[in-house]
Amino acid sequence: MSGIRLRAAYSPHPFARSRIQSRNVHRKGERVASEQAVVGLDNLSVRLHCRTKPAVADSYRPGFPTVVFTSAYWKADPSYYSIAIDSTGTATYYSAPDEVTKTGVPYIVEFHASNRILRMTFNIAAHPEIFAAETDPTTSADAMPVRTLFYGGFQFHHQITYSAAPNSDVDELTSIFEEISETLEFGRRLSYFHQHDRSALDQELDLLQKSAAARRLREVDVIRPVLRRIDDDPAVEAGTRRKAEALLNSGSTK
């Protein structure tokens with residue numbers, strides 16, 4: 001699909017006229033560099049300083065309202081991810097899976113958000129009162145997820161940081177973004193296993209099917225090319241290819 005790009009890259013980027021909110025956290029006594037939500041008047045980006053190497057997920061369109069969701073939880077894999085969607089549908093997913101500590105290479109997917117996701121996300125985010133809700137003081141991302149939801153454009157921005165969603169609207173947006181992340185992380189693992197460990201594909205496809213049956217997947221079109229490559233590869237076991245084909249043909253992946 002021409003509208004989808006998957007890349008793993010280190011992308012330093014200069015930020016102009018930015019408001020920066022940063023927080024330092026500690027993981028098992030080792031200093032982990034701060035997460036920084038960076039909002040520019042003419043651009044919007046989210047970046048994570050992971051240990052000593054900065055990495056940037058840059059999804060910005062000057063002048064376009066943008067919703068950004070970030071989640072940090074050091075016990076999870078990925079321990080950090082962000083999703084940015086602007087009002088034209090341009091979207092970027094960035095994550096720091098476990099292997100990034102070894103390779104220094106984050107996982108980045110650029111895609112076009114579906115009309116349904118675009119409508120749901122901006123219809124909810126357009127209500128500034130949801131960002132004004134009181135939240136419990138966030139603790140270290142060692143203990144529980146620390147999430148930030150941002151909505152902003154050229155002349156405005158709203159932001160809330162929380163662990164537990166303070167209202168039903170923030171909870172709904174959290175679920176949407178967490179399910180997008182779950183879907184794209186399936187794509188990351190399937191792509192990795194296809195290249196490096198084909199024996200693990202069968203079990204991963206079973207897990208994908210279970211998530212699809214439980215309706216926990218969103219933006220599944222983004223991972224269809226990965227399923228197609230598995231289905232088309234004669235080096236993959238026939239039974240595994242049939243599972244990939246079944247997922248491609250099911251309504252849950254359309």
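Can you confirm whether segment 155-178 contains a residue that is farther than 30 Å from residue 230 by Cα, aromatic (Phe, Trp, Tyr) and loosely packed, with under 13 Cβ neighbours inside 10 Å?
Looking for residues that are farther than 30 Å from residue 230 by Cα, aromatic (Phe, Trp, Tyr) and loosely packed, with under 13 Cβ neighbours inside 10 Å, one finds at least one in segment 155-178, hence yes.
For residue 160, indicate whether it is closer than 24 Å to residue 76 by Cα and not small (Gly, Ala, Ser). Reasoning before the result, please.
On the way: closer than 24 Å to residue 76 by Cα: yes; not small (Gly, Ala, Ser): yes.
Spelling it out, residue 160 is indeed closer than 24 Å to residue 76 by Cα and not small (Gly, Ala, Ser).
Taking residue 113 as the residue in question, decide whether it is more than 13 Å from residue 65 (Cα to Cα), small (Gly, Ala, Ser) and at pLDDT 95 or above.
yes
I'd like to verify a number: residues in segment 116-142 that are out of contact with any Phe, Trp or Tyr (no Cβ under 9 Å at 6 or more places or on another chain), under 18 Å from residue 71 (Cβ atoms) and at pLDDT below 90, how many?
So the answer is 2.
Residue-by-condition table, conditions (1) in contact with a helix residue (DSSP H, G or I) (Cβ under 6 Å, 6 or more places away or on another chain); (2) surrounded by fewer than 18 Cβ atoms within 10 Å (Cβ to Cβ); (3) modelled with pLDDT under 95:
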site	(1), (2), (3)
209	no, yes, no
215	no, yes, yes
223	yes, no, no
231	yes, no, no
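Could you identify the single residue in 175, 168, 163, 199 that is of a type in the set (Gly, Ala, Ser) and more than 23 Å from residue 85 (Cβ to Cβ)?
Only one candidate passes the filter, namely 199.
For segment 121-136, enumerate the residues that are surrounded by 15 or more Cβ atoms within 10 Å (Cβ to Cβ) and part of a helix (DSSP H, G or I).
The first filter runs over segment 121-136 and keeps only residues surrounded by 15 or more Cβ atoms within 10 Å (Cβ to Cβ), leaving 121-122, 124-125, 130-131, 135.
Across segment 121-136, the qualifying residues are 121, 122, 124, 125, 130, 131.
Working only within segment 205-245, note down all residues that are free of Cβ contacts under 8 Å to residues at least 24 places away in the same chain and over 22 Å from residue 176 (Cα atoms).
228, 231, 232, 234, 238, 241, 242, 245
Residue 201 - would you say it is surrounded by 15 or more Cβ atoms within 10 Å (Cβ to Cβ), touching a residue at least 24 places away in the same chain (Cβ under 8 Å) and closer than 30 Å to residue 68 by Cα?
Numbers: surrounded by 15 or more Cβ atoms within 10 Å (Cβ to Cβ): yes; touching a residue at least 24 places away in the same chain (Cβ under 8 Å): yes; closer than 30 Å to residue 68 by Cα: no.
No; evaluated as a whole, the condition is false for this residue.
Restricting to segment 198-229, give me the number of residues that are more than 20 Å from residue 90 (Cα to Cα), touching a Ser or Thr at 6+ places or on another chain (Cβ under 7 Å) and of a type in the set (D, E, K, R).
Residues in segment 198-229 being more than 20 Å from residue 90 (Cα to Cα), touching a Ser or Thr at 6+ places or on another chain (Cβ under 7 Å) and of a type in the set (D, E, K, R): 1 in total.
The values are calculated or read from the model by the stated rules, or taken from the named source; none is laboratory data. This one's a predicted model, so the numbers in the text were calculated from it and none came from an experiment. Here the Cβ is made from the backbone with ideal geometry for all residues, glycine too, and neighbour counts use every protein chain on show.
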